[in-house]
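Peer 1: Below you'll find the structure I mean.
The values are calculated or read from the model by the stated rules, or taken from the named source; none is laboratory data. Computed from a predicted model, the values in this text were never measured in an experiment. Counting neighbours? That spans all protein chains shown, and the Cβs are built from the backbone with ideal geometry, glycine included.
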Amino acid sequence: MKKMIIAATLLAAAGPAAALEARGYELGVIVGEPTGVSGKMELADGTALDAAAAWSFSGKDKLSLHADKLWYRRDVFKVKTGRMPLYYGVGARLKLEDKSKVGIRMPIGAQYYVPDSRLTFFGELAPILDLAPDTDLEFSAAIGFRVVFQ
């Protein structure tokens, strides 16, 4: 049952297949809990998909994988140069350890696009509701940067 809930959440988050046309890609590093490689794909409908493969250093060392569907609010932060949208989303997290965990992520963050540059910086906080093997609430916090590829 829990696996069906996770699959339904991911399908709902992905949205219609027509919206999955990519407008741009980003690849970089995420530092915090966890630390690793981060990627993002901007979609034609103004949303994005992001993912990370990272190493968690809390407690036992473990591999953490996540993917999220992101929505943007571009009118929250006013900056003199560049742009800095607020984003929020929903996705899934898999933490591989002795008793691997599967959960739903709900990230919220901000991303700054450096003007006249391909660099972007971000910071986020993500509550995670673990569904298997036990129900638990965790938090993830990270900062990072990515290079934008069009």
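Peer 1: Filter region 32-90 for residues that are acidic (Asp, Glu), in a strand (DSSP E or B) and either in contact (Cβ under 8 Å) with a residue 60 or more places away in the chain or farther than 23 Å from Arg118 by Cα (or both) and give the result.
Peer 2: Scanning region 32-90 gives a single hit, Glu33.
Peer 1: Select from region 109-150 the residues that are part of a strand (DSSP E or B) and over 30 Å from Lys80 (Cα atoms) and list them in ascending order.
Peer 2: Result: Pro127, Ile128, Leu129, Asp130, Leu131, Ala132, Asp136, Leu137, Glu138, Phe139.
Peer 1: Let me ask something additional. If we scan region 113-125, do we find a residue that is small (Gly, Ala, Ser) and touching a Phe, Trp or Tyr at 6+ places or on another chain (Cβ under 8 Å)?
Peer 2: Checking region 113-125: not a single residue is small (Gly, Ala, Ser) and touching a Phe, Trp or Tyr at 6+ places or on another chain (Cβ under 8 Å).
Peer 1: Separate question: Looking at region 75-99, which of the residues that are of a type in the set (A, V, I, L, M, F, W, C) and in contact with a helix residue (DSSP H, G or I) (Cβ under 8 Å, 6 or more places away or on another chain) is surrounded by the most Cβ atoms within 10 Å (Cβ to Cβ)?
Peer 2: Ala92
Peer 1: Quick check, is Val114 in contact (Cβ under 8 Å) with a residue 40 or more places away in the chain, more than 17 Å from Val31 (Cα to Cα) and surrounded by 13 or more Cβ atoms within 10 Å (Cβ to Cβ)?
Peer 2: no
Peer 1: Which residue out of Leu129, Leu96 is in contact with a strand residue (DSSP E or B) (Cβ under 6 Å, 6 or more places away or on another chain) and either among the acidic types (Asp, Glu) or modelled with pLDDT of 95 or more (or both)?
Peer 2: Unique residue meeting the criteria: Leu129.
Peer 1: Could you tell me whether any residue of region 23-37 is at pLDDT 65 or above and among the polar types (S, T, N, Q)?
Peer 2: There is at least one residue in region 23-37 that is at pLDDT 65 or above and among the polar types (S, T, N, Q).
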